[in-house]
1. Subtracting the Cα-Cα distance from 0.36 nm times the residue separation, let me have the gained length for Ala96 to Ile68 in nm, one decimal.
2. For Glu124, tell me the accessible area in Å² from a 1.4 Å probe, rounded to the nearest 10.
3. Order 132-138, 82-88 from most to least packed using the mean count of other Cβ atoms within 10 Å.
4. Got a number for carbon plus sulfur as a percent of the range 47-168's accessible area, 1.4 Å probe?
5. Considering only protein heavy atoms, with the full assembly of protein chains and a 1.4 angstrom probe, order Arg92, Arg144 by accessible area, largest first.
6. Just check the range 52-146 against the gyration tensor rule for me: Cα atoms, a ≥ b ≥ c as the square roots of the eigenvalues, rounded for a/c under 1.5, and otherwise prolate or oblate depending on whether a/b exceeds b/c.
7. What's the local net charge at Asn107, with K and R +1, D and E -1, over the other residues with C-beta under 15 Å away?
8. Tell me which of Ala98, Ile63, Ser81 sits at the most positive position along the dipole axis of the range 34-122, charges placed on C-beta atoms (Lys, Arg +1; Asp, Glu -1).
Amino acid sequence: MLKAAVTFEMRRESPVRSADEDLTSPGPVTSKSIWAACKRFMRARSLSRIQAVIGTIAGIASIAGAAISLVQAARPANTGSLVATVQAAGTRLGVADATIEVLTTQNAIVATLTPDATGRVVQELREGVYVVRFSHPRYAAEVRRIQVLPRQTVEIRASLRAGSSSPIEQAVNSGVSAVRRALRF
């Protein structure tokens, strides 16, 4: 009985290859060579080890899925997002130093926002109707009315045109224009 085990061990192929075999190219890849590679891989790995790896990957995937669903559940059900972008009219350049005011329909200020370098800002808002006012000292103001729905994103773009948004400056300019017309300048 011992003799048979020793004989069996001697006939089994050795997985060690010589340095000369590693330097030669294996030739074209065929389905037989792929199958042979799979067999070698399976012989080198035990079934229990493969099951352990697959089980670990499945566990990680299920934990990640549960974490993602918890994050979504933690977000209030009655809020949505506002994504506003402010650009100079006729260009794609963002107006970073603009002021974006989010107001209720009764003109109560909800938020005053300053966009980033690209002219973009993101704000979480409760469900409802809002008035969004874009202003900058060198540009005419622009006003938009939006409706925020639960778990939805509202995207708006404002293209500010040259002019002044200051009410005092607008009053002075209209007064000067009236005097010029009266005196026919």
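1. Numbers: separation 28, 0.36 × 28 = 10.08 nm, distance 3.30 nm.
Contour length minus the Cα-Cα distance gives 6.8 nm.
2. Result for Glu124: roughly 90 Å² accessible.
3. On the way: 132-138: 19.0, 82-88: 20.6.
Order by mean packing, descending: 82-88, 132-138.
4. Values: 4360 of 7620 Å².
Accessible surface attributable to carbon and sulfur in the range 47-168 totals 57 percent.
5. Numbers: Arg92 195, Arg144 80 Å².
Greatest to least solvent exposure: Arg92, Arg144.
6. oblate
7. Working: positive: Arg133, Arg144, Arg145; negative: Glu101.
Around Asn107, the surrounding residues sum to +2.
8. Of the candidates, Ile63 comes out farthest on the positive side.
The values are calculated or read from the model by the stated rules, or taken from the named source; none is laboratory data. Just so you know, these numbers come straight off a predicted model, no measurement behind them. So basically every Cβ, Gly included, is an ideal-geometry build from the backbone, and we count neighbours across all protein chains shown. Heads up: the accessible areas ignore ligands, DNA and RNA and are worked out on the full protein's heavy atoms, side chains in. Shrake-Rupley method; radii C 1.70, N 1.55, O 1.52, S 1.80 Å.
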